[in-house]
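The values are calculated or read from the model by the stated rules, or taken from the named source; none is laboratory data. What you see is a predicted model; the values in this text were computed from it and never measured. Here the Cβ is made from the backbone with ideal geometry for all residues, glycine too, and neighbour counts use every protein chain on show. Each accessible area value is taken on the protein alone, full model and side chains, heavy atoms only, with ligands, DNA and RNA left out. Shrake-Rupley method; radii C 1.70, N 1.55, O 1.52, S 1.80 Å.
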Amino acid sequence: MNPAVFLSLPDLRCSLLLLVTWVFTPVTTEITSLDTENIDEILNNADVALVNFYADWCRFSQMLHPIFEEASDVIKEEYPDKNQVVFARVDCDQHSDIAQRYRISKYPTLKLFRNGMMMKREYRGQRSVKALADYIRQQKSDPIREIQNLEEITTLDRSKRNIIGYFEQKDSDNYRVFERVASILHDDCAFLSAFGDVSKPERYSGDNIIYKPPGRSAPDMVYLGSMTNFDLTYNWIQDKCVPLVREITFENGEELTEEGLPFLILFHMKEDTESLEIFQNEVARQLISEKGTINFLHADCDKFRHPLLHIQKTPADCPVIAIDSFRHMYVFGDFKDVLIPGKLKQFVFDLHSGKLHREFHHGPDPTDTAPGEQEQDVPSSPPESSFQKLAPSEYRYTLLRDRDEL
C-alpha cells in the first residue's frame, strides 16, 4: 500500500485555489484571423460568419475587441460545431487587399457572410455582447415559416412581399436552393413553404415558387426557371423582394447613405399610395437605366419633416420630389410634371451634368434663357444636404475617406 501524502495547509489552499480557478474560468474562443491564404476556405465552409474588419490604431476597434471575443464565447457554447458559426477578423492594415475587396470605408466594420457570400446589410446594431449574440441567434433561426394549411395564405400580411414555395418534400434539391435564397433575402421578403399533401393542390405542374406582391389587387407571379439553379432562383426572387423604389427610414438611413449614390426622393404622406404608385411607375419608365447612378427612394412626410423644412416645404406641400446629392438638395417642379415624358429623367441628368448646381448659384444656363431676354446672374444658396447627417458617425467609426460630392 502506498503511504498517504499529506499537504501542508498553505499547499492545500494553493491547490484548492488552482482547482477552483480551473473549474470556473470560462474557456475562451480564439477569434479566427483571416488572410489571403485562408479567407475563402473558412468563409465558404461557414454556415454563418461574422467578420470584424478593424485597424489596431482605431480606438473604436480597440473597444470592440473584448466584446467581440466574449460574444464569440457565448455563441460557441450554443453552436459548438466549428462550421455553424464563425467569428473572424481582418487586420485591414496588414491585409489592405482584403479591405479593398470588401470596400471597407470605416473601422470597425462588421460584415455577415453565409456560405462565403457577403450579405448586403452589415451589422450596425449596438456593440454589446448581448446584442451581437442575439443578432447571430436571429441569423441562425429558420427564415422560412412552414404552412400547415393553405387557408393560412388568406391571412398573410399583404403589406409585405411574400414568397411561397410549394414542394413535394423537404429533403430535396429544390427546397435546399429555396432555403439558401431565403437565408439571404429574409430581411426583404417573408418566406413561406408547404410540403406533401398540404402543397399538393398548388403543385399541379410540380414544385413551384409564387410571389405575392403587396396589396390585395396585385396578381401573383410564378417562377418559371430551374428550381435547382441557385443563381436564376436568387436573381428572380431578389428582383421581387428588393423594389426599385425603396423606403428610407431612420433605421436604414445609414446603410443607404453609405452606398454613396445621390438620392431621388419622393416625400409623401403615408396614406398617399397613389402618388407613390405614380412615382414608382415613372421611375421604372424613365430611369431604369440610371439604377446604378442614383438611389430611388420614398419617405414619410411626417417622419422626415426636417429635410422638408430644408427645402422650405412642409407635410402640407406633399407630395414633393427632391434630389439630395449629399452636398445640396434640389427640388423638382410641380409633382404633376412627373407625368410629362422625360421630365424626371432630365432632372436626374441635370444633376449629373452639374446643371442643377450651376443654376442654383448663377441662375439658368444661357441656353435656357428665352429669346430677347437679358441674361442674369442670380446667385443663390441651395439648401445643404439633410440626409448626409444619417451617414456613419465619426463618434462611432473611424472614417477612412470623405465622400465624393456632386
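Computed values, structure above
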item	result
Verdict on Ser141 being of a type outside the set (Asp, Glu) and free of Cβ contacts under 8 Å to residues at least 12 places away in the same chain	yes
Every residue from segment 306-317 that is within 25 Å of the chain's Cα centre (by Cα) and loosely packed, with under 14 Cβ neighbours inside 10 Å	His306
Segment 254-296, residues that are surrounded by fewer than 21 Cβ atoms within 10 Å (Cβ to Cβ) and hydrophobic (A, V, I, L, M, F, W, C)	Leu256, Leu261, Met269, Leu276, Ile278, Ala284, Leu287, Ile288, Ile294
Criterion violated by Phe68 - all others in (1) part of a helix (DSSP H, G or I); (2) open to solvent by 50 Å² or more (accessible area, probe 1.4 Å); (3) within 21 Å of Leu399 (Cβ to Cβ) satisfied	(2)
Test for Asn235: is it assigned by the TED database to the domain that holds Ile321 and without any contact (Cβ under 8 Å) to a residue 12 or more places away in the chain	no
Residue match in segment 116-129 (condition: without any contact (Cβ under 8 Å) to a residue 12 or more places away in the chain, closer than 24 Å to Thr257 by Cβ and open to solvent by 70 Å² or more (accessible area, probe 1.4 Å))	yes
Residue in segment 53-63 that is buried (at least 16 other Cβ atoms within 10 Å of the Cβ) and assigned to a strand (DSSP E or B) present	yes
Residues within segment 332-348 that are within 27 Å of the chain's Cα centre (by Cα) and surrounded by fewer than 20 Cβ atoms within 10 Å (Cβ to Cβ), tallied	1
Selected residue (only one of Asn235, Asn208, Asn229 is at pLDDT 90 or above, more than 26 Å from Leu344 (Cβ to Cβ) and open to solvent by less than 50 Å² (accessible area, probe 1.4 Å))	Asn208
Condition met for Phe296 (touching a residue at least 40 places away in the same chain (Cβ under 8 Å) and assigned by the TED database to the domain that holds Lys343)	yes
